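Okay, so here's the structure we're looking at.
The values are calculated or read from the model by the stated rules, or taken from the named source; none is laboratory data. Nothing here was measured: the structure is a model prediction, and the numbers come from that model. Quick reminder, even Gly has a Cβ in these numbers, built from the backbone with ideal geometry, and neighbours come from all protein chains shown. Each accessible area value is taken on the protein alone, full model and side chains, heavy atoms only, with ligands, DNA and RNA left out. Shrake-Rupley method; radii C 1.70, N 1.55, O 1.52, S 1.80 Å.
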Amino acid sequence: MKATLLVSALCALTGCSHQTQSVHLTSLPLSDITDVNAHWSPLGRNESRYPKEAILAEKMGCTSLEYVINAAGRAEQIRVLTPSEDAFSEAAMETLQQWQWQATAANSGHLPVKSQTRFEFCIEHNGQPCDTRGLAQRCPGEDMVRSTGHVYTQV
């Protein structure tokens, strides 16, 4: 009787179900964009919203995020590497959590990979293209997503 209760209690505490093991970010090597694309194909990848307070202040910036694409094709263990503003990091993290990937034929085992993405936030003034040269130098990552804010001034 005690053994049955003990097993039942352990089962209740542990969930009695098969759970996928999470691979820790530190245990995986950083994959380059070619390796990531060889293993995972993006299903949905939208750009970040430009933070309202940043566009009102006409601030440009960037943030680089490192993350694991897990066996379910979702980003987990997201870590901010290089933030220029907290608002940009928050917007990028919200966006990354919405992304989803599908394992490629070469990755039939759905093996996780560690990736890195640079999120750039730039402002176009009166339709003039924004200058992002400084952003690429401040935030690492060959995979890049750009969000553009538009500011028009009346003359």
Quiz item: Given the residues 120, 90, which is the only one that is under 20 Å from residue 135 (Cα atoms), outside any loop (DSSP other than H, G, I, E, B) and open to solvent by 70 Å² or more (accessible area, probe 1.4 Å)?
Solution: 90
Self-check item: Single match in 108, 115, 147 (criterion: open to solvent by 80 Å² or more (accessible area, probe 1.4 Å) and either in contact with a Phe, Trp or Tyr (Cβ under 9 Å, 6 or more places away or on another chain) or not charged (D, E, K, R) (or both))
Solution: 108
Self-check item: segment 38-71 - residue that is small (Gly, Ala, Ser), free of Cβ contacts under 8 Å to residues at least 60 places away in the same chain and assigned to a loop (DSSP other than H, G, I, E, B) and, of those, nearest to residue 147 (Cα to Cα)
Solution: 57
Quiz prompt | Test: residue 95 is polar (S, T, N, Q), at pLDDT 95 or above and either at positive phi or open to solvent by less than 20 Å² (accessible area, probe 1.4 Å) (or both) | solution = yes
Quiz item: Where residues in segment 123-135 are within 20 Å of residue 48 (Cα to Cα) and part of a strand (DSSP E or B), which of them is most open to solvent (accessible area, probe 1.4 Å)?
Solution: 125
